[in-house]
Amino acid sequence: MDMILLFLLVGCITGFFAGLLGIGGGAIIVPVVMYVVSQQAIPIDMVMKIALSTSFSVIIFSTASSAYSHNKHKAILWQQFPLLSIGTIIGMLVGTFLVQKMSNTILQIVFCIFMVYTIYGLLTKKKEAERIENVKDPTVSKPALTSGGSLIGFISSFIGIAGGTITIPLLSHWGFNTRKCIATSSMIGVIIASIGTIMGIIYGWGQTNINDYYLGFIYLPAFIGISITSILFAPIGVKVAYRLPIPRVRQIFALFLFLVVVKMIYTLIME
């Protein structure tokens, strides 16, 4: 019962910050699932893989909901999306394959490095000047779109995120309108989360038991609990975003992530 309450609470936090800051929930979901699973009779090298796969399964819902809303405003770059998605799928397939070959320790180190990068971004992010609306989209070559998508998928597969912190800066660098970058990132997130979930089930099939509430590497109590409340609390985060000073909220969230990183590093040292 306490475990379910924990996942419901994590879902509240994840959904709230997703709506408030426009970030994925992997930075919160992965450490929590790691902690819960590590208390069970699960081989150590499976812990991080379960956390990553479960994170992807939860993120499907938040990214799909976001993409649906953005599509109503016709903000998704559908012309560029096919090549981006093909590259993302390739990157995810290669990345998830490599993840299964890597040790739990290496995966945790990779995750900690990304967390530090996320903290840096939260503390240094400045308000971007919105690009002119209705301006013509820049022309990006097909190889660049496919390669960019591959990079997004590959990196995301190692850290259990929807790729927004990679997709948005990349599209912005190419010169696309910021709103379109965010909208397209949501749609790419659906691809990333779906592939990550499917691969988690395939690679984990036979290694876990459905009687222990696992579907492959997907830990079902976390999937259900976090998904329910994250969907409910995301709209609340959006509303609060228009009332609170975002820089202060970013600092608080960065502090939270810093504590998570310290705890993970301490665990790595003590192992």
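The values are calculated or read from the model by the stated rules, or taken from the named source; none is laboratory data. Not measured: the values here are computed from a predicted model. Counting neighbours? That spans all protein chains shown, and the Cβs are built from the backbone with ideal geometry, glycine included. Side chains included, ligands, DNA and RNA excluded: accessible areas come from the protein's heavy atoms. Shrake-Rupley method; radii C 1.70, N 1.55, O 1.52, S 1.80 Å.
Principal-axis analysis of the Cα atoms of the chain puts helix 178-204 at an angle of about 30° to the longest axis. Length gained on full extension, Asp45 to His173, computed as 0.36 nm times the residue gap minus the Cα-Cα distance: 42.4 nm. Taking 0.36 nm per residue of separation and subtracting the current Cα-Cα distance, fully stretching the chain between Thr105 and Asp137 would add 7.3 nm. Label point of Ile4 set 7 angstrom out along Cα-Cβ; within the stretch 194-234, amide nitrogens under 20 Å from it belong to 210-215, 218-233. Amide H to amide H, with H built 1.01 Å from N, Gly25 comes under 5 Å of Ala162, counting only residues 5 or more places away or on other chains.
Remark: the stretch 135-178 carries 41 Å² of accessible area per residue (probe radius 1.4 Å; ligands, DNA and RNA excluded). Of (i) 21.2; (ii) 18.7; (iii) 22.1, which one was derived for Kirkwood radius over Cα pairs in Å from the structure shown? Identified label for the calculated read-out: (ii). The heavy atoms of Trp174 present about 60 square angstrom of accessible area, all protein chains included, probe 1.4 Å. Against the main long axis of the alpha-carbon atoms of the chain, helix 142-159 sits at an angle near 30°. Close amide H contacts of Leu215 (hydrogens built in the peptide plane, cut-off under 5 Å, sequence separation of 5 or more or a different chain): Leu220.
Specify the angular offset, from 0 to 90 degrees and rounded to the nearest 10, of the alpha carbon long axis of helix 246-270 from the longest principal axis of the alpha carbons in the chain. That helix lies at roughly 30 degrees to the long axis.
Exposure check, 1.4 Å probe, all protein chains in place: Tyr35 carries approximately 130 Å² of accessible surface.
Computed with a 1.4 Å probe on the full set of protein chains, the accessible area for Ile191 sits at about 40 Å².
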